[in-house]
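Q: One structure follows; several queries about it will come next.
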Amino acid sequence: MSESAKASTGYKVKEIPMIVRILVIVIASFIFSLNVKTFVHTGGLLPGGAAGLTLLIQEIFAKFYGITIPYTLVNLIINAFPVYIGFRFIGRKFTALSCLVIVLSGVFTDLLPSITITKDILLICIFGGLINGTAISLCLLVDATSGGTDFISIFLSERRGIDSFNIILGINAVILVIAGLLFTWDKALYSIIFQFVSTNTIHLLYRKYQQSTLFIVTEHPKDVSRVIFDTTHHGATVIEGEGAFEHHEKEVIYSVVSSPEVNKVVSKIREIDPHAFINVIRTDRLSGNFYHVPKG
């Protein structure tokens, strides 16, 4: 979107200061690594994605060949192709910051000592999954990612309009089957619980690629349509209607916006038409041209 378009519509993309983004990335990387060296290590779990595959490869080399290989080295190799996807299709600044996450989380994981907080495997799965999902969400909130399948998920979300984080769960299942065949099925099955908690934590904390459908019954369709566009840069469709009880003519505004934008849009609509009837519906899948703020 050009600068002139932004000026004419009033739509502005708020940039998070780079120093803040880097600080959050450092904190998130440390939390992620600390979780690996405490809950994940104690439970012998696989956190999923590139991190899970890295730990699986480390365990294979340690058990079958007696070789200890650095987490950072394996993680960088695994992330090579996803990073290419990031630079090619998502955004250079976004991918560069994600590379910082990959490197920092690897270095922290290699340097931090293993610590046992609890040996209760269910507590490990639940709290480890919560912490893992929180660390990943922190990265996503400042337009970065922990790498691996996150790049693929974001690529599918932007190209296909699919909330594809559940696809990650399916990809991770393949890794867990391999772990179950090579080691014990108990650890693989507990890892599914860990990953399920982590994925749902991300769904709760990070909603950028989730959409909501708005149905608005109003007597000010032009003003409502304009405020939707000015606030979200998304269009709207006006449908002619009639009240079933009083038989007054009504207009129904239909629009799809990103879920984090819903409260702001509803508040703006209330300023224009306090009596508007607004129905918000979660959108599971969207096919077509849906605007996403481009990543740097």
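Q: So Ile281 fits all but one of (1) under 32 Å from the mean Cα position of the chain (by Cα); (2) more than 21 Å from Ile202 (Cα to Cα); (3) of a type outside the set (D, E, K, R); what number is the exception?
A: Result: Ile281 fails condition (2) only.
Q: Look at the stretch 84-119 and say how many of its residues are surrounded by fewer than 20 Cβ atoms within 10 Å (Cβ to Cβ), among the β-branched types (Val, Ile, Thr) and under 30 Å from Glu15 (Cβ atoms).
A: Number satisfying all stated conditions: 3.
Q: Related question: So Val177 fits all but one of (1) closer than 30 Å to His275 by Cα; (2) assigned to a helix (DSSP H, G or I); what number is the exception?
A: Going through the list (1) closer than 30 Å to His275 by Cα; (2) assigned to a helix (DSSP H, G or I), Val177 breaks only (1).
Q: Continuing with the same structure: Can you confirm whether Val262 is within 24 Å of the chain's Cα centre (by Cα), part of a strand (DSSP E or B) and not assigned by TED's automatic domain parsing to the domain that holds Leu140? Give the steps one after another, and end with the answer.
A: Values: within 24 Å of the chain's Cα centre (by Cα): yes; part of a strand (DSSP E or B): no; not assigned by TED's automatic domain parsing to the domain that holds Leu140: yes.
Spelling it out, it is not the case that Val262 is within 24 Å of the chain's Cα centre (by Cα), part of a strand (DSSP E or B) and not assigned by TED's automatic domain parsing to the domain that holds Leu140.
Q: I've got another one for you. Of everything in the stretch 244-259, what is surrounded by 16 or more Cβ atoms within 10 Å (Cβ to Cβ) and under 31 Å from the mean Cα position of the chain (by Cα)? Give them in sequence order.
A: Those that are surrounded by 16 or more Cβ atoms within 10 Å (Cβ to Cβ) and under 31 Å from the mean Cα position of the chain (by Cα): Ile253, Ser255, Val256, Val257, Ser258, Ser259.
Q: Give the residues of the stretch 57-83 that are crowded, with 16+ Cβ neighbours inside 10 Å and among the β-branched types (Val, Ile, Thr), sorted by residue number.
A: Taking the stretch 57-83 and keeping what is crowded, with 16+ Cβ neighbours inside 10 Å, we get 57-60, 71-72, 74-76, 78-79, 82-83.
Within the stretch 57-83, Ile57, Ile60, Thr72, Val74, Ile78, Val83 qualify.
Q: Ok, one more. Looking at the stretch 221-259, which of its residues are of a type in the set (Asp, Glu) and in a helix (DSSP H, G or I)? Spell out the reasoning first.
A: Initial filter on the stretch 221-259 (of a type in the set (Asp, Glu)): 223, 230, 240, 242, 246, 249, 251.
Asp223, Asp230 - these are the residues of the stretch 221-259 that are of a type in the set (Asp, Glu) and in a helix (DSSP H, G or I).
Q: Please work out if Arg92 is at pLDDT 90 or above, assigned by TED's automatic domain parsing to the domain that holds Ala51, out of contact with any helix residue (DSSP H, G or I) (no Cβ under 8 Å at 6 or more places or on another chain) and farther than 25 Å from Thr283 by Cβ.
A: Spelling it out, Arg92 is indeed at pLDDT 90 or above, assigned by TED's automatic domain parsing to the domain that holds Ala51, out of contact with any helix residue (DSSP H, G or I) (no Cβ under 8 Å at 6 or more places or on another chain) and farther than 25 Å from Thr283 by Cβ.
Every residue, every condition in (1) outside the structural domain of Ala28 (by TED's automatic domain parsing); (2) part of a helix (DSSP H, G or I); (3) modelled with pLDDT under 85, yes or no:
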site	(1), (2), (3)
Val101	no, yes, no
Ser105	no, yes, no
Asp110	no, yes, no
Phe127	no, yes, no
Gly133	no, yes, no
Ser137	no, yes, no
Ala144	no, no, no
Gly147	no, no, no
Arg159	no, yes, yes
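Q: Filter the stretch 188-218 down to residues that are among the small types (Gly, Ala, Ser) and more than 19 Å from the chain's Cα centre (by Cα) and give me whichever is nearest to Lys268 (Cα to Cα). Don't jump to the end; show me each part of the working.
A: Taking the stretch 188-218 first, the residues among the small types (Gly, Ala, Ser) are 188, 191, 198, 212.
Narrowing the set further to residues that are more than 19 Å from the chain's Cα centre (by Cα) leaves 188, 191.
Working: Ala188: 48, Ser191: 44 Å.
Filtering first and then ranking leaves Ser191.
Q: OK, next. Given the residues Thr237, Thr184, Thr199, which is the only one that is in the same structural domain as Leu56 (by TED's automatic domain parsing), loosely packed, with under 15 Cβ neighbours inside 10 Å and of a type in the set (Val, Ile, Thr)?
A: Numbers: Thr237 fails: in the same structural domain as Leu56 (by TED's automatic domain parsing); Thr199 fails: loosely packed, with under 15 Cβ neighbours inside 10 Å.
The conditions single out Thr184.
Q: Just checking, how many residues over the stretch 239-286 are touching a Gly at 6+ places or on another chain (Cβ under 6 Å) and β-branched (Val, Ile, Thr)?
A: The initial filter retains those residues of the stretch 239-286 that are touching a Gly at 6+ places or on another chain (Cβ under 6 Å), namely 250, 252, 286.
Of the ones still in play, those that are also β-branched (Val, Ile, Thr) are 252.
Of the residues in that region, 1 qualify.
The values are calculated or read from the model by the stated rules, or taken from the named source; none is laboratory data. This is a predicted model, so every value here is computed, not measured. Glycine also receives a Cβ, built like all others from the backbone with ideal geometry; neighbour counts cover every protein chain displayed.
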